[in-house]
Amino acid sequence: MTHGKSIALITGASRGIGKATALALGRNGLFVVGTATTEAGAAAITTFLREASVSGQGMVADVSDDHSVTALIEDIVTLAGPPVVVVNNAGVTRDNLLLRMKAEEWETVINTNLNSIYRVCKACLKGMTKARFGRIINISSVVASSGNAGQTNYAATKAGIEGFTRSLAKEAGSRGITVNAVSPGFIETDMTHDLPEEHKLALLAQVPLGRLGQPEEIAAVVAFLASEEGSYITGETLHVNGGMHMA
Ligand code: NAP
(Lines give C-alpha, C1' and ligand atoms only; values in the text may rest on other atoms or scores of the structure.)
Protein backbone atom coordinates (compact mmCIF):
# COMPACT_ATOMS: atom_id res chain seq x y z
CA MET A 1 0.00 0.00 0.00
CA THR A 2 1.25 3.48 -0.84
CA HIS A 3 -0.94 5.37 1.65
CA GLY A 4 -1.91 7.80 -1.11
CA LYS A 5 1.65 8.85 -1.83
CA SER A 6 2.88 9.68 -5.33
CA ILE A 7 5.14 7.02 -6.76
CA ALA A 8 8.72 7.60 -7.85
CA LEU A 9 10.85 5.24 -9.92
CA ILE A 10 14.63 5.55 -9.74
CA THR A 11 16.63 3.25 -12.00
CA GLY A 12 20.00 2.11 -10.68
CA ALA A 13 19.25 2.90 -7.04
CA SER A 14 21.50 0.27 -5.45
CA ARG A 15 24.44 2.63 -5.04
CA GLY A 16 25.90 6.05 -5.79
CA ILE A 17 23.72 8.82 -7.15
CA GLY A 18 20.64 6.59 -7.54
CA LYS A 19 20.74 5.48 -3.91
CA ALA A 20 21.10 9.06 -2.64
CA THR A 21 18.24 10.11 -4.94
CA ALA A 22 15.94 7.33 -3.73
CA LEU A 23 16.52 8.44 -0.15
CA ALA A 24 16.03 12.14 -0.96
CA LEU A 25 12.76 11.56 -2.82
CA GLY A 26 11.54 9.20 -0.10
CA ARG A 27 12.27 11.79 2.60
CA ASN A 28 10.21 14.25 0.54
CA GLY A 29 7.21 11.96 0.99
CA LEU A 30 7.20 9.91 -2.20
CA PHE A 31 6.73 6.13 -2.35
CA VAL A 32 10.02 5.01 -3.87
CA VAL A 33 10.73 2.11 -6.21
CA GLY A 34 14.46 1.77 -6.78
CA THR A 35 15.97 -0.75 -9.15
CA ALA A 36 19.05 -2.95 -9.13
CA THR A 37 20.23 -5.57 -11.62
CA THR A 38 20.24 -8.39 -9.04
CA GLU A 39 17.86 -9.79 -6.43
CA ALA A 40 20.46 -9.11 -3.74
CA GLY A 41 20.73 -5.48 -4.88
CA ALA A 42 16.94 -5.08 -4.87
CA ALA A 43 16.73 -6.55 -1.36
CA ALA A 44 19.45 -4.16 -0.19
CA ILE A 45 17.43 -1.23 -1.55
CA THR A 46 14.33 -2.39 0.35
CA THR A 47 16.46 -2.59 3.50
CA PHE A 48 18.09 0.83 3.24
CA LEU A 49 14.71 2.46 2.47
CA ARG A 50 13.19 0.79 5.52
CA GLU A 51 16.14 1.83 7.72
CA ALA A 52 15.58 5.42 6.61
CA SER A 53 11.83 5.10 7.35
CA VAL A 54 11.06 5.66 3.67
CA SER A 55 8.13 3.79 2.15
CA GLY A 56 9.13 1.92 -0.96
CA GLN A 57 10.79 -1.14 -2.34
CA GLY A 58 13.70 -2.42 -4.38
CA MET A 59 12.96 -4.26 -7.62
CA VAL A 60 15.10 -6.03 -10.20
CA ALA A 61 15.38 -4.48 -13.65
CA ASP A 62 17.77 -4.42 -16.55
CA VAL A 63 17.15 -1.15 -18.39
CA SER A 64 18.98 -2.48 -21.44
CA ASP A 65 16.23 -5.07 -21.94
CA ASP A 66 12.76 -4.25 -23.31
CA HIS A 67 10.98 -7.09 -21.55
CA SER A 68 12.59 -6.31 -18.22
CA VAL A 69 11.44 -2.67 -18.38
CA THR A 70 7.91 -3.65 -19.42
CA ALA A 71 7.71 -6.15 -16.55
CA LEU A 72 9.11 -3.59 -14.09
CA ILE A 73 6.49 -0.97 -14.91
CA GLU A 74 3.70 -3.58 -14.73
CA ASP A 75 4.97 -4.71 -11.34
CA ILE A 76 5.13 -1.14 -10.02
CA VAL A 77 1.58 -0.44 -11.19
CA THR A 78 0.39 -3.63 -9.49
CA LEU A 79 2.31 -2.89 -6.28
CA ALA A 80 1.64 0.78 -5.88
CA GLY A 81 0.25 2.50 -8.99
CA PRO A 82 1.78 4.29 -11.98
CA PRO A 83 4.98 6.24 -11.27
CA VAL A 84 4.64 9.99 -11.78
CA VAL A 85 8.26 10.82 -10.91
CA VAL A 86 10.83 8.96 -12.97
CA VAL A 87 14.58 9.34 -12.55
CA ASN A 88 16.53 7.70 -15.36
CA ASN A 89 19.78 7.25 -13.48
CA ALA A 90 21.12 3.78 -14.41
CA GLY A 91 24.26 4.12 -16.48
CA VAL A 92 27.51 2.39 -17.35
CA THR A 93 30.87 3.23 -18.90
CA ARG A 94 33.02 1.16 -21.26
CA ASP A 95 35.87 3.59 -21.86
CA ASN A 96 38.23 3.19 -24.78
CA LEU A 97 39.77 5.30 -27.50
CA LEU A 98 37.56 5.10 -30.58
CA LEU A 99 40.26 3.39 -32.61
CA ARG A 100 40.26 0.53 -30.10
CA MET A 101 36.59 0.56 -29.16
CA LYS A 102 34.85 -2.72 -29.79
CA ALA A 103 31.32 -2.75 -31.20
CA GLU A 104 30.21 -4.42 -27.98
CA GLU A 105 31.59 -1.51 -25.91
CA TRP A 106 29.75 0.99 -28.09
CA GLU A 107 26.48 -0.93 -28.11
CA THR A 108 26.39 -1.75 -24.40
CA VAL A 109 26.72 1.90 -23.46
CA ILE A 110 24.20 3.12 -26.06
CA ASN A 111 21.71 0.45 -25.08
CA THR A 112 22.06 0.88 -21.32
CA ASN A 113 22.35 4.66 -21.10
CA LEU A 114 20.28 5.93 -24.04
CA ASN A 115 17.90 3.28 -25.39
CA SER A 116 16.78 2.78 -21.79
CA ILE A 117 15.49 6.36 -21.67
CA TYR A 118 13.20 5.64 -24.63
CA ARG A 119 11.95 2.43 -22.98
CA VAL A 120 11.35 3.78 -19.49
CA CYS A 121 9.84 7.13 -20.52
CA LYS A 122 7.51 5.56 -23.07
CA ALA A 123 6.29 3.00 -20.56
CA CYS A 124 5.59 5.67 -17.93
CA LEU A 125 4.08 8.43 -20.09
CA LYS A 126 0.56 6.97 -20.23
CA GLY A 127 0.22 7.03 -16.45
CA MET A 128 1.56 10.57 -16.23
CA THR A 129 -0.75 11.73 -19.03
CA LYS A 130 -3.72 10.26 -17.19
CA ALA A 131 -2.63 11.96 -13.97
CA ARG A 132 -1.96 15.18 -15.90
CA PHE A 133 1.21 15.37 -13.82
CA GLY A 134 4.67 14.01 -14.28
CA ARG A 135 8.31 14.69 -13.55
CA ILE A 136 10.97 13.02 -15.65
CA ILE A 137 14.58 13.63 -14.65
CA ASN A 138 17.35 12.15 -16.77
CA ILE A 139 20.89 11.90 -15.44
CA SER A 140 23.37 13.19 -18.00
CA SER A 141 27.05 14.03 -17.49
CA VAL A 142 29.43 16.96 -17.82
CA VAL A 143 31.12 15.12 -20.69
CA ALA A 144 28.02 15.69 -22.86
CA SER A 145 29.08 19.35 -22.90
CA SER A 146 32.85 19.14 -22.51
CA GLY A 147 33.68 15.93 -24.41
CA ASN A 148 36.18 13.47 -22.98
CA ALA A 149 38.86 11.42 -24.71
CA GLY A 150 38.12 7.74 -24.25
CA GLN A 151 34.38 8.28 -23.81
CA THR A 152 32.91 8.76 -27.30
CA ASN A 153 30.28 6.13 -26.52
CA TYR A 154 29.37 7.51 -23.09
CA ALA A 155 29.43 11.18 -24.17
CA ALA A 156 27.22 10.34 -27.17
CA THR A 157 24.61 8.82 -24.86
CA LYS A 158 24.67 11.76 -22.49
CA ALA A 159 24.43 14.37 -25.27
CA GLY A 160 21.60 12.25 -26.72
CA ILE A 161 19.83 12.30 -23.37
CA GLU A 162 19.92 16.10 -23.30
CA GLY A 163 18.40 16.39 -26.81
CA PHE A 164 15.78 13.79 -25.89
CA THR A 165 14.99 15.80 -22.75
CA ARG A 166 14.35 19.03 -24.65
CA SER A 167 12.21 17.28 -27.27
CA LEU A 168 10.06 15.31 -24.84
CA ALA A 169 9.62 18.47 -22.74
CA LYS A 170 8.01 20.09 -25.80
CA GLU A 171 5.78 17.07 -26.43
CA ALA A 172 4.62 16.56 -22.85
CA GLY A 173 4.41 20.08 -21.41
CA SER A 174 0.73 20.56 -22.23
CA ARG A 175 -0.06 17.55 -20.04
CA GLY A 176 1.61 18.93 -16.94
CA ILE A 177 4.71 16.79 -17.39
CA THR A 178 8.14 18.37 -16.97
CA VAL A 179 11.25 16.74 -18.43
CA ASN A 180 14.69 17.83 -17.31
CA ALA A 181 18.26 16.59 -17.16
CA VAL A 182 20.80 16.87 -14.36
CA SER A 183 24.40 16.87 -15.51
CA PRO A 184 26.85 15.86 -12.78
CA GLY A 185 30.56 16.54 -12.87
CA PHE A 186 33.04 14.34 -11.04
CA ILE A 187 31.10 12.55 -8.26
CA GLU A 188 32.47 10.16 -5.63
CA THR A 189 30.82 6.83 -6.52
CA ASP A 190 31.84 3.35 -7.70
CA MET A 191 31.91 4.75 -11.26
CA THR A 192 34.82 7.06 -10.45
CA HIS A 193 36.39 4.97 -7.68
CA ASP A 194 38.72 2.96 -9.90
CA LEU A 195 40.10 5.82 -11.99
CA PRO A 196 43.90 5.96 -11.82
CA GLU A 197 45.15 8.36 -9.15
CA GLU A 198 46.92 10.66 -11.65
CA HIS A 199 43.75 10.86 -13.72
CA LYS A 200 41.76 11.81 -10.59
CA LEU A 201 44.28 14.53 -9.69
CA ALA A 202 44.16 15.91 -13.25
CA LEU A 203 40.36 16.00 -13.12
CA LEU A 204 40.36 17.67 -9.69
CA ALA A 205 42.68 20.37 -11.00
CA GLN A 206 39.83 21.39 -13.31
CA VAL A 207 37.31 21.77 -10.48
CA PRO A 208 37.24 25.28 -8.99
CA LEU A 209 35.63 23.94 -5.80
CA GLY A 210 38.66 21.64 -5.48
CA ARG A 211 36.87 18.43 -4.52
CA LEU A 212 34.71 15.65 -5.88
CA GLY A 213 30.97 16.04 -5.57
CA GLN A 214 28.94 13.80 -3.27
CA PRO A 215 25.96 11.75 -4.52
CA GLU A 216 23.72 13.69 -2.12
CA GLU A 217 24.63 16.93 -3.93
CA ILE A 218 23.15 15.51 -7.14
CA ALA A 219 20.18 13.98 -5.34
CA ALA A 220 19.26 17.37 -3.86
CA VAL A 221 18.96 18.88 -7.34
CA VAL A 222 16.90 15.94 -8.60
CA ALA A 223 14.63 16.30 -5.56
CA PHE A 224 14.22 20.00 -6.29
CA LEU A 225 13.20 19.29 -9.90
CA ALA A 226 10.72 16.68 -8.67
CA SER A 227 9.22 19.03 -6.10
CA GLU A 228 6.52 21.68 -6.32
CA GLU A 229 9.28 24.33 -6.28
CA GLY A 230 10.63 23.00 -9.58
CA SER A 231 7.28 23.08 -11.35
CA TYR A 232 8.08 25.80 -13.93
CA ILE A 233 11.36 24.30 -15.15
CA THR A 234 11.23 22.05 -18.18
CA GLY A 235 13.53 21.06 -21.04
CA GLU A 236 16.48 22.27 -18.97
CA THR A 237 19.81 20.70 -18.12
CA LEU A 238 21.04 21.67 -14.66
CA HIS A 239 24.83 21.44 -14.30
CA VAL A 240 26.14 20.28 -10.93
CA ASN A 241 29.90 20.07 -11.31
CA GLY A 242 31.71 22.31 -8.83
CA GLY A 243 32.51 24.71 -11.67
CA MET A 244 34.34 22.06 -13.72
CA HIS A 245 32.44 23.14 -16.80
CA MET A 246 30.48 26.37 -17.09
CA ALA A 247 27.93 26.20 -19.87
P1 NAP B 1 27.34 3.61 -10.08
O2 NAP B 1 27.71 3.90 -8.67
O3 NAP B 1 28.27 2.87 -10.98
O4 NAP B 1 25.90 2.87 -10.06
C5 NAP B 1 25.30 2.51 -11.28
C6 NAP B 1 23.87 2.09 -11.03
O7 NAP B 1 23.30 1.72 -12.30
C8 NAP B 1 23.78 0.86 -10.14
O9 NAP B 1 22.63 0.96 -9.34
C10 NAP B 1 23.64 -0.28 -11.15
O11 NAP B 1 22.95 -1.40 -10.63
C12 NAP B 1 22.78 0.41 -12.20
N13 NAP B 1 22.86 -0.27 -13.51
C14 NAP B 1 23.95 -0.56 -14.25
N15 NAP B 1 23.60 -1.21 -15.37
C16 NAP B 1 22.25 -1.34 -15.33
C17 NAP B 1 21.29 -1.94 -16.19
N18 NAP B 1 21.63 -2.54 -17.33
N19 NAP B 1 19.99 -1.90 -15.83
C20 NAP B 1 19.60 -1.30 -14.67
N21 NAP B 1 20.48 -0.72 -13.82
C22 NAP B 1 21.78 -0.75 -14.15
O23 NAP B 1 26.97 4.95 -10.87
P24 NAP B 1 26.87 6.48 -10.40
O25 NAP B 1 28.21 7.06 -10.41
O26 NAP B 1 25.99 6.61 -9.21
O27 NAP B 1 26.12 7.07 -11.69
C28 NAP B 1 24.72 7.21 -11.77
C29 NAP B 1 24.40 8.02 -13.02
O30 NAP B 1 25.08 9.27 -12.96
C31 NAP B 1 24.85 7.35 -14.32
O32 NAP B 1 23.90 7.60 -15.34
C33 NAP B 1 26.15 8.06 -14.64
O34 NAP B 1 26.42 8.05 -16.03
C35 NAP B 1 25.86 9.45 -14.13
N36 NAP B 1 27.05 10.24 -13.83
C37 NAP B 1 27.93 9.85 -12.85
C38 NAP B 1 29.05 10.65 -12.61
C39 NAP B 1 30.07 10.31 -11.56
O40 NAP B 1 31.09 11.01 -11.47
N41 NAP B 1 29.87 9.30 -10.74
C42 NAP B 1 29.27 11.79 -13.36
C43 NAP B 1 28.35 12.14 -14.32
C44 NAP B 1 27.24 11.37 -14.54
P45 NAP B 1 23.76 -2.65 -9.95
O46 NAP B 1 24.22 -2.17 -8.60
O47 NAP B 1 22.75 -3.74 -9.86
O48 NAP B 1 24.91 -2.96 -10.86
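Things to note:
- Looking only at residues of the stretch 29-40 that are within 11 Å of the ligand (Cβ to nearest atom) and under 17 Å from the mean Cα position of the chain (by Cα), we find that the one that is farthest from residue 83 (Cα to Cα) is 37.
- Of all residues in the stretch 7-23 being over 20 Å from residue 191 (Cα atoms) and either away from the ligand (no atom under 13 Å from the Cβ) or surrounded by fewer than 24 Cβ atoms within 10 Å (Cβ to Cβ) (or both), the one that is nearest to the chain's Cα centre (by Cα): 8
- Test: residue in the stretch 16-23 that is more than 24 Å from residue 165 (Cβ to Cβ) and among the small types (Gly, Ala, Ser): no
- Scanning the stretch 155-182 for residues that are closer than 20 Å to residue 132 by Cα and part of a helix (DSSP H, G or I) turns up 165, 166, 167, 168, 169, 170, 171, 172, 173, 174, 175.
- Residue 218 vs. criteria crowded, with 17+ Cβ neighbours inside 10 Å, part of a helix (DSSP H, G or I), touching a Pro at 6+ places or on another chain (Cβ under 7 Å) and modelled with pLDDT of 95 or more: yes
- Conditions (1) in contact with a Phe, Trp or Tyr (Cβ under 8 Å, 6 or more places away or on another chain); (2) part of a helix (DSSP H, G or I); number of the one not met by residue 72: (1)
- Members of the stretch 150-202 that are over 22 Å from residue 225 (Cβ atoms) and either in contact (Cβ under 8 Å) with a residue 24 or more places away in the chain or among the aromatic types (Phe, Trp, Tyr) (or both): 150, 151, 152, 153, 154, 156, 190
- The set of residues from the stretch 28-66 being in contact (Cβ under 8 Å) with a residue 60 or more places away in the chain and either surrounded by fewer than 24 Cβ atoms within 10 Å (Cβ to Cβ) or closer than 23 Å to residue 113 by Cα (or both) comprises just one member, 28.
- Flag for residue 201 being surrounded by fewer than 16 Cβ atoms within 10 Å (Cβ to Cβ), more than 10 Å from the ligand (Cβ to nearest atom) and outside any helix (DSSP H, G or I): no
The values are calculated or read from the model by the stated rules, or taken from the named source; none is laboratory data. Note that the structure is predicted; figures quoted are calculated from it, not measured. Positions of Cβ are generated from backbone atoms using ideal geometry, with glycine treated the same way; all protein chains shown enter the neighbour counts.
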